[in-house]
Amino acid sequence: MSDLTFGTDSGPHRLDVFIERVCRAGVALAFIAIGYSKFDPHGSWVKTFDAVGAGQWLRYLAGAMQLSGGVLLLYRRTAPAGAVVAGCTMVGAIAAQVFVLHGGPLAIVPAILLAALVAVGWRAAQA
């Protein structure tokens, strides 16, 4: 009776692993691109961070956090940490949209990105 095995005892299916990697890579590349765009001195982020009023140092900090978070998301072991690092910037973006920039409905964009970070970070932590 000890030789009895069930189909559910095997590891994750290859398709599940593939889907997880593609989703994690997509979110990672999105944050790498968003973070990289923050370093453009003539980009639209300059005006946005001027409107926030905290100074351009915050734009560089957010860009560095998003870049590093995106890179950490590329690897399953470091993906939860990357999700936390990049997620902090999304919480700040939501707060800035709602309370400082008064663009309430526009807060949905960072909220969706935060949800994607939570999903891939949680999935990587469970694996």
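Throughout, read-outs are computed from the coordinates displayed, never taken from laboratory work. The shown structure was predicted, so the numbers you read here are calculated from the model rather than taken from an experiment. Cβ placement follows ideal geometry from the backbone for every residue including glycine, while neighbour counts extend to all protein chains displayed.
Karplus-derived 3J(HN,Hα) values for segment 15-22, using 6.51 cos²θ - 1.76 cosθ + 1.60 with θ = phi - 60°, are 5, 5, 5, 4, 4, 4, 5, 5 Hz; glycine and proline are entered as x. In this Cβ point-charge picture (+1 for Lys and Arg, -1 for Asp and Glu), the chain has a dipole of about 240 debye about its Cα centre. For the chain, the Stokes-Einstein estimate of translational diffusion at 4 °C and a viscosity of 1.567 mPa s comes to 82 µm²/s, using the Kirkwood hydrodynamic radius over alpha-carbon pairs.
For Leu106 and Tyr75, a Förster radius of 25 Å and the Cβ-Cβ distance give a FRET efficiency of 0.20, rounded to the nearest 0.05.
Name the residue farthest towards the positive end of the dipole of the chain from the options Ala119, Phe39, Leu73, assuming +1 on Cβ of Lys and Arg, -1 on Cβ of Asp and Glu, about the Cα centre. The Cα lying farthest towards the positive end belongs to Phe39. Estimated at 0.36 nm per residue, the fully extended path between Trp122 and Ala25 surpasses their Cα-Cα distance by 33.5 nm.
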